[in-house]
Amino acid sequence: MSQSVRSRLILTVLVVLLSSTVAISQELYCNVQVSAQKIQGSNREIFQSMQRDIYEFMNGMVWTDKLFSFSERIECNLLINLDEQLSADEFRGTIQIQLSRPVYNTTYESTVLNFVDNSFQFRYVEFQPIEFNPNSHTSNLSSVLAYYAYLFIGMDFDTYSPGGGTPYFQVAEKIVANAQNAPESGWKPYDGSRNRNRYWLIKNILDNQYSGAREFLYLYHLRGLDRMESDMAQARAEMYESLRGLQEVYRRRPDPFMYFVSIIIDAKADEIVNVFSQAFADEKNRVVQILTEIDPANEKKYLQILTPSG
């Protein structure tokens, strides 16, 4: 092997080894899937292009002024199901939002968000770049994608520090404000059913009456889950206290629809059942009491905590 070839090989290996630690600007590691099975008789290649362009938009944009290593990027998923093609370049469907967070000193990924936005109508022109301007509503596609990019970042930061996601939620709030005159739904107070839309979600998140829900994200993850490997009993105690804080938010009920709280509970319910199924009897009873109060629709699920294991 010649000296020049050997040098290039060594350089390539070094690049690969360093790639996981070099600081980069991209914050998201976002998997994107576009499903158009319900749309018949159309050019199928457009959906492949759509998936690729949305992937590049989410992962190629610089969303913050923070530096991330490859391993620190925020893992999330956008699952887009298209129901209708309204015209050559206009589509309607749903978008499922999923965010996960690594748990310290384990290989476990904890689900932070998992819900469906049913108000997703947009225009997409193949081979035309998706452009976003934080100061104006350029298109519904770019605004929805950017809104959820900042929601992902804000929620992730909230799990690591109290109120850490505020600057990113404020950008999402600005995106909502810019879209108030958009013809597509999901941005205005009375769009959708029971106030479950993008407007109310970001309003709830930034409302001080819901600060306890954001504190839950921090206490539950950083002081709870992240301690499970080193001190399981203390970790569960912290997670129980975080649930008590969520219960206080629920009891104040500043909004009859509790959209933000319901999204949190939906994402964490199965995990909470698994964690507290291994707790002491009195701890189990206290946790079940809280959960059945704030989420009575899933009482049957929470009662599984009381079932003896094995």
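Note on the range 69-83: among residues that are assigned to a strand (DSSP E or B) and over 18 Å from the mean Cα position of the chain (by Cα), the one that is surrounded by the fewest Cβ atoms within 10 Å (Cβ to Cβ) is 83. For the range 102-149, taking the residues that are assigned to a loop (DSSP other than H, G, I, E, B) and acidic (Asp, Glu), the one that is farthest from the chain's Cα centre (by Cα) is identified as 126. Checked against (1) buried (at least 22 other Cβ atoms within 10 Å of the Cβ); (2) touching a residue at least 40 places away in the same chain (Cβ under 8 Å), residue 172 passes all but a single condition, namely (2). Out of curiosity, is residue 193 closer than 30 Å to residue 138 by Cβ and among the small types (Gly, Ala, Ser)? Yes; evaluated as a whole, the condition is true for this residue.
Of the candidates 154, 163, the single residue that is more than 23 Å from residue 193 (Cβ to Cβ) and part of a helix (DSSP H, G or I) is 154. Within the range 35-68, restricting attention to residues that are within 18 Å of residue 123 (Cα to Cα) and among the small types (Gly, Ala, Ser), which residue is surrounded by the most Cβ atoms within 10 Å (Cβ to Cβ)? The extreme case among them is 36. Restricting the range 40-84 to residues that are aromatic (Phe, Trp, Tyr) and modelled with pLDDT of 95 or more leaves a set whose member that is farthest from residue 168 (Cα to Cα) is 47. For the range 192-203, the set of residues classified as in contact (Cβ under 8 Å) with a residue 40 or more places away in the chain, crowded, with 17+ Cβ neighbours inside 10 Å and of a type outside the set (Phe, Trp, Tyr) consists of 192, 195, 196, 197, 198, 201, 202, listed by residue number. Taken as a whole, the structure places residue 152 among residues that are farther than 16 Å from residue 218 by Cβ, at pLDDT 95 or above and under 15 Å from the mean Cα position of the chain (by Cα). Among the residues of the range 263-281, those that are without any contact (Cβ under 8 Å) to a residue 12 or more places away in the chain and either assigned to a helix (DSSP H, G or I) or touching a Phe, Trp or Tyr at 6+ places or on another chain (Cβ under 9 Å) (or both) comprise 274, 281. Every listed requirement among (1) touching a His at 6+ places or on another chain (Cβ under 9 Å); (2) in contact (Cβ under 8 Å) with a residue 24 or more places away in the chain is met by residue 180 save one, (2). Quick check on the range 281-294. Is at least one of its residues within 29 Å of residue 102 (Cβ to Cβ), crowded, with 21+ Cβ neighbours inside 10 Å, in contact with an Asp or Glu (Cβ under 7 Å, 6 or more places away or on another chain) and of a type in the set (A, V, I, L, M, F, W, C)? Looking through the range 281-294, none of the residues is within 29 Å of residue 102 (Cβ to Cβ), crowded, with 21+ Cβ neighbours inside 10 Å, in contact with an Asp or Glu (Cβ under 7 Å, 6 or more places away or on another chain) and of a type in the set (A, V, I, L, M, F, W, C). For residue 277, the conditions (1) closer than 23 Å to residue 170 by Cα; (2) more than 24 Å from the chain's Cα centre (by Cα); (3) not charged (D, E, K, R) are fulfilled apart from (1).
The values are calculated or read from the model by the stated rules, or taken from the named source; none is laboratory data. As the structure is a prediction and not an experimental result, all values here were calculated from the model. Neighbour counts are summed over all protein chains in view; Cβ atoms, including those assigned to glycine, are modelled from backbone coordinates with ideal geometry.
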